[in-house]
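**Q** Questions regarding the structure given below will be posed in turn.
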Amino acid sequence: MQFTDTLREETANSWEQSVNHPFVKGIAKGDLPLDIFKYYILQDIYYLKHYGKVHALAATLAEDFRVTAMLAEKAKGTAQAELTVHQEHAEILHITVNDWENFKPAPTAYAYTSHLYRAAASGSLGQAIAAMLPCYWLYADIGKTYENEKPTEKIYQNWIATYASDWFQESTNEQINLLNQIAAESSKKEKEKMKEQFIIAKEYELAFWEMAYTNEEWFSDRHWHSHSMA
């Protein structure tokens, strides 16, 4: 059994909840309100900015220059994807300059990206890749799970098609294979650390759906109905 197979087993419950979350189901059915998707896209663009930077940080940790080059290319690809997402969705979702000027990351988006930086700061390529892998793998799985769905909203069709595409599936498999190669040369203690990074990141992937679906806010921005200042 490959190292990544054990990671999937460890996160089976979280994985099932993620693939079947109402946010994802809503995209597949086409009935997810566009304002919820807009909130998600704004948060996801923030996430992708940092996800790309973490790829670049991971590239500096690789001893094999081919791995450095691959990760640097993925950092570039993530940045390009961010710009494309921004351009394609901004008009459809009526994302305005005002939206960007007043944007702030939700608690989950901030915490998730912070986790990725912490993994990269460990100085271990394996831990950095382990933390980044759930994002690739879950989206690839969702793409394949729902690739035959035909939501009426074109923006949802495109979202599913992106992650079901051959290039995204191949990119995901590259990351899976890389983590397995690293694990094969790692100590038991290091593999435990890699597993922990993966499991936490996977929990944040599930939390990201819930964040978007519930329009998560910081505590101080919430409207308390039953609390009053003493």
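**Q** What helices (runs of 4 or more DSSP H), lying completely within region 133-220, carry at least 2 residues that are surrounded by 17 or more Cβ atoms within 10 Å (Cβ to Cβ) and polar (S, T, N, Q)?
**A** In region 133-220, 166-184 are the helices (runs of 4 or more DSSP H) which contain 2 or more residues that are surrounded by 17 or more Cβ atoms within 10 Å (Cβ to Cβ) and polar (S, T, N, Q).
**Q** Can you name the residue in region 94-117 that is more than 14 Å from Asp44 (Cα to Cα) and among the hydrophobic types (A, V, I, L, M, F, W, C) and is also surrounded by the most Cβ atoms within 10 Å (Cβ to Cβ) among such residues?
**A** Within region 94-117, the match that is surrounded by the most Cβ atoms within 10 Å (Cβ to Cβ) is Leu116.
**Q** What helices (runs of 4 or more DSSP H), lying completely within region 1-117, carry at least 2 residues that are in contact with a helix residue (DSSP H, G or I) (Cβ under 7 Å, 6 or more places away or on another chain)?
**A** 3-10, 12-19, 22-29, 34-61, 65-92
**Q** Just to check your reading of the model, which residue among Ser122, Ser186 is more than 18 Å from the chain's Cα centre (by Cα) and either within 25 Å of Thr108 (Cβ to Cβ) or β-branched (Val, Ile, Thr) (or both)?
**A** Ser122
**Q** While we're on this one: Can you pull out every residue in region 77-93 that is surrounded by fewer than 18 Cβ atoms within 10 Å (Cβ to Cβ) and at pLDDT 85 or above?
**A** Ile92
**Q** Now for a different question. Going by the structure shown, is Ala120 surrounded by 15 or more Cβ atoms within 10 Å (Cβ to Cβ) and either within 30 Å of Ser186 (Cβ to Cβ) or among the polar types (S, T, N, Q) (or both)?
**A** Spelling it out, Ala120 is indeed surrounded by 15 or more Cβ atoms within 10 Å (Cβ to Cβ) and either within 30 Å of Ser186 (Cβ to Cβ) or among the polar types (S, T, N, Q) (or both).
**Q** Moving on to the next point. Please count how many residues of region 4-62 are in contact (Cβ under 8 Å) with a residue 60 or more places away in the chain, more than 18 Å from the chain's Cα centre (by Cα), farther than 19 Å from Tyr156 by Cβ and open to solvent by 30 Å² or more (accessible area, probe 1.4 Å).
**A** 3
The values are calculated or read from the model by the stated rules, or taken from the named source; none is laboratory data. Everything quoted here is computed from the prediction, not taken from an experiment. Don't worry about glycine lacking a Cβ; one is built from the backbone with ideal geometry, like all the others, and counts go over all protein chains shown. Note: accessible area is taken over every heavy atom of the protein model, side chains too, but ligands, DNA and RNA are not part of it. Shrake-Rupley method; radii C 1.70, N 1.55, O 1.52, S 1.80 Å.
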